[in-house]
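Structure first, commentary second.
The values are calculated or read from the model by the stated rules, or taken from the named source; none is laboratory data. These figures come from a predicted structure and were not determined experimentally. No Cβ is skipped: glycine too gets one built from the backbone with ideal geometry, and neighbour counts run over all protein chains shown. Note: accessible area is taken over every heavy atom of the protein model, side chains too, but ligands, DNA and RNA are not part of it. Shrake-Rupley method; radii C 1.70, N 1.55, O 1.52, S 1.80 Å.
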Amino acid sequence: MITLQFQFTHGRYHATEWGRNANEGAPDWPPSMWRILRALISSWYVYHASLPEAEVWPVLRELSSGRASYRLPPSNLAHTRHYVPLPQPENHATKTAKMIDAFVLMDVGANLHIMIDDAVLTNRQADVLRMLLNSVRYLGRAESECTARLYTGAECSPVKPNCIRLDDCPGGIAPAGWRIVNVLVPARDVTLLDLKSTTAYIRSHDKTIWPHGATRIKYALDASDQHAYGHRRPPQKRPDTTTVMYAIAGSVTPPITDTITTADAFKRAVMSAHGARGNRLSTTLSGMTTEHGADNSNSNVSRDNHAHAYFLPTDENGDRRLDRLTVFSRVPFTPDELAALASVRLIRPHGKEPLKLIPVYRGNAPDAGINILGVSRTWESVTPFVPNLHSKIRGPKNNRYLADGPADQIASEASKRGLPSMRRVVLSSEKIHGFRPAKFAKNRKRGLAGFGAYRALVEFERPVPGPVSFGHGSHFGLGLFHPVHGKREGRNDS
C-alpha cells in the first residue's frame, strides 16, 4: 500500500474537470489520478530530466493500475468573476466577457490523502516517486501551490477514506448522504505517450476532447464531510491596523539628514487627502483636536500621551539615504484615515525632487519586520535627539546646576509617556551614520527648530516596544532610536 499526501499552501485548489468549460464552475474534485500522473510527468521533464524512462515509467504504470481511494479535507466550492475587455474593431467599442474562476477552498495546512492499496513499489521505485513528488510545485493550475509526500508500508497511517469507487461500495450502491462524482483515471492499456499528450494534440489528432488511454470511473463522495469550510464559518473580525509602510522611490532619494522634511511633506499630503474627502480633522493623523489656521492661532495640541501618528522615514539598506517611510499610531487608524494614507503616492518635499511612495505593508507593528518597531531595553540614535527646551543654569554661585538638560528632558518625556524608568542616558556629539548631529535638518515647513542636537543611547529598566523617539520632531523622524541587542547593550559610551 502507498499513500500520496498533498497539502495546498494557500488552502485553494484550482482545476477544471476534464471535458467541462471553465465557466461551468466545476472543479476537478477529487483530483483525478490522470491529473496527478501528468503532474508527475511534468516534474520529471522539468526537474529530473536525467532520470531514464526505464526508471520512471514502471512507477507511473504501477500508480496507473492501482485502485485509488481518497480522504478529502473539509472544503467548500467558491469562485471569483472576472470581466475581460473585448475590443470591437468595427465600431471602436469595447464589450466585456465574464470569466469564472471556480476553486475548492479548504483550511491552510489541510491534507489530501490518496490511498492506493494494491500498488507495490521497490525501494528504488519509491525513491524515484519521492523525487518526483518533492518537485511538484502545484496541482491543477499554477495558483494551486502545494507540497507532496509519499508514504509506504508501515509509514501509511490508517486513514478512513471518504471518497471511494462506486463498485467498492456494498452492492455497488452509494451509502445514504453520499453523492456520485466522475473521476478520470488511466485505462489498463494506457501508454506513456497517452499521459504526455497535450489537449491541443488530442483535439487535432484524435478529434475529441477525451484523452486516449483514459476512462471515467464513478466514485461515491461523502457529502457530509464537504461544504464544512467557507462562508458558513462566522466572519472573523480583521485586526486593527496601526502600521502602514511605504517604499520611497525617486530619481534621487533624500539623504537621512532630510528625515524631518520628508516626513513633514508626507504628513501634509495625507492631511490634504483626508480633508479633500470631506472628513473632519483627524486627531490621529494631525495630533490636533481642533481646526487651526496658518498661524496656529486656534491650534489645540492633542493630549493623548503621544498616541497619535508617527511619520518615520528610515534607511533600511544602509546607503545613508531614506528608502522606507513607516506611519505608526498607537490608536488604530479608521477606514477614512487608511483611505487617505493609501491615496498618497507622490510627495514634494519643500525645495526637493518629487518622491514616489509604494505601499509595501499594512497591519500591526509586531508583524511589520522593521528594526525601529522591535523590542529592547537599550536603544541608540537613528537620528539626533533635539531638545524642546533651552537648558538653564540654576542655583546660587557656589551650587550651580543644569536644569532641563538634554538627558533630563529625555527621562522626563519617557516618564510622561508611561515608559519604564531610565537606567542611563548617554549623550555625545559623535556622528550618526557618518553625519554630525548638527547636519540633520531640524525645521518643518512651519515651526521652530529646537535647541541643539545630540547622539544618544538610552537604557530602560525593562524592554519596551518601538518606536522609541523623543524631543523636537519626534513624530517626524527626529530623535528616533533603534534597538541594541547583545553585547552592545553593556557599553558605557555612545
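Quick rundown of the values:
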| item | result |
| --- | --- |
| Contour minus Cα-Cα distance for residue 110 and residue 182 (0.36 nm per residue) | 23.6 nm |
| Calculated from backbone phi, Karplus (6.51, -1.76, 1.60) coupling profile of the stretch 17-32 in Hz, x at Gly/Pro | 4, 4, x, 10, 7, 4, 6, 6, x, 10, x, 7, 10, x, x, 6 |
| Summed side-chain charge close to residue 83 - residues other than residue 83 whose Cβ falls under 14 Å, Lys, Arg +1, Asp, Glu -1 | +2 |
| Per residue solvent-accessible surface (Å²) - the chain, probe of 1.4 Å | 52 Å² |
| Cα gyration tensor shape for the stretch 22-113, rounded if a/c is under 1.5, else prolate or oblate | oblate |
| Loop-located trypsin sites (Lys or Arg not before Pro) in the stretch 158-224 whose Cβ has at most 15 other Cβ within 10 Å (DSSP) | 188, 207 |
| Cβ-derived FRET efficiency at R0 25 Å, residue 193 paired with residue 154, nearest 0.05 | 0.10 |
| Potential extension, residue 42-residue 208 segment - 0.36 nm per residue separation minus Cα distance | 57.5 nm |
| Overall form of the stretch 342-411 per C-alpha gyration tensor (a/c, 1.5; a/b vs b/c) | oblate |
| For the chain, fraction of C-alpha pairs farther apart than 29 Å, in % | 65 percent |
| Relative intensity, log₁₀ I(q)/I(0), of the stretch 126-215 from a Debye sum that treats every alpha carbon as a point, q = 0.22, 0.26 Å⁻¹ | -1.21, -1.18 |
| Interchain or long-range residues, amide H under 5 Å from residue 388's placed H | 472 |
| Residue 362-residue 433 pseudo-label distance in nm [points 7 Å out on the Cα-to-Cβ vector] | 2.7 nm |
| Prolate/oblate/rounded call for the stretch 137-182, Cα gyration tensor, a/c under 1.5 rounded | oblate |
| Distance (nanometres) between label positions extended 7 Å along Cα→Cβ at residue 135 and residue 100 | 3.7 nm |
| Sites excluded, GluC sites (Glu not before Pro) in DSSP loops with at most 12 other C-beta within 10 Å, longest stretch of the chain | 91-290 |
| Sequence-distant residues sharing a close amide H with residue 361 (under 5 Å, placed H) | 245 |
| Computed FRET value (nearest 0.05) for residue 142 with residue 277, which takes r as the C-beta separation and R₀ as 35 Å | 0.35 |
| Computed helical MRE - 222 nm, the chain, DSSP H runs ≥ 4 contributing -39500 (n - 2.57), nearest 500 | -5500 deg cm²/dmol |
| Extension reserve of the residue 9-residue 80 stretch, reckoned as 0.36 nm per residue once the Cα distance is removed | 23.7 nm |
| Nearest-0.05 FRET efficiency for residue 424 and residue 393, computed from C-beta distance (R0 35 Å) | 0.90 |
| Distant-in-sequence amide H partners of residue 377 (H built 1.01 Å from N, under 5 Å) | 464 |
| Rounded to the nearest 10 Å², the accessible area of residue 284 at probe 1.4 Å | 20 Å² |
| Accessible area of the chain belonging to carbon and sulfur atoms, whole % at 1.4 Å probe | 51 percent |
| Acute angle (nearest 10 degrees) that the helix 123-134 long axis makes with the longest principal axis of the chain, alpha-carbon atoms | 50 degrees |
| Percent breakdown of C-alpha pair distances by 10 Å bin, ordered from the shortest bin, for the stretch 1-53 | 19, 41, 32, 8 |
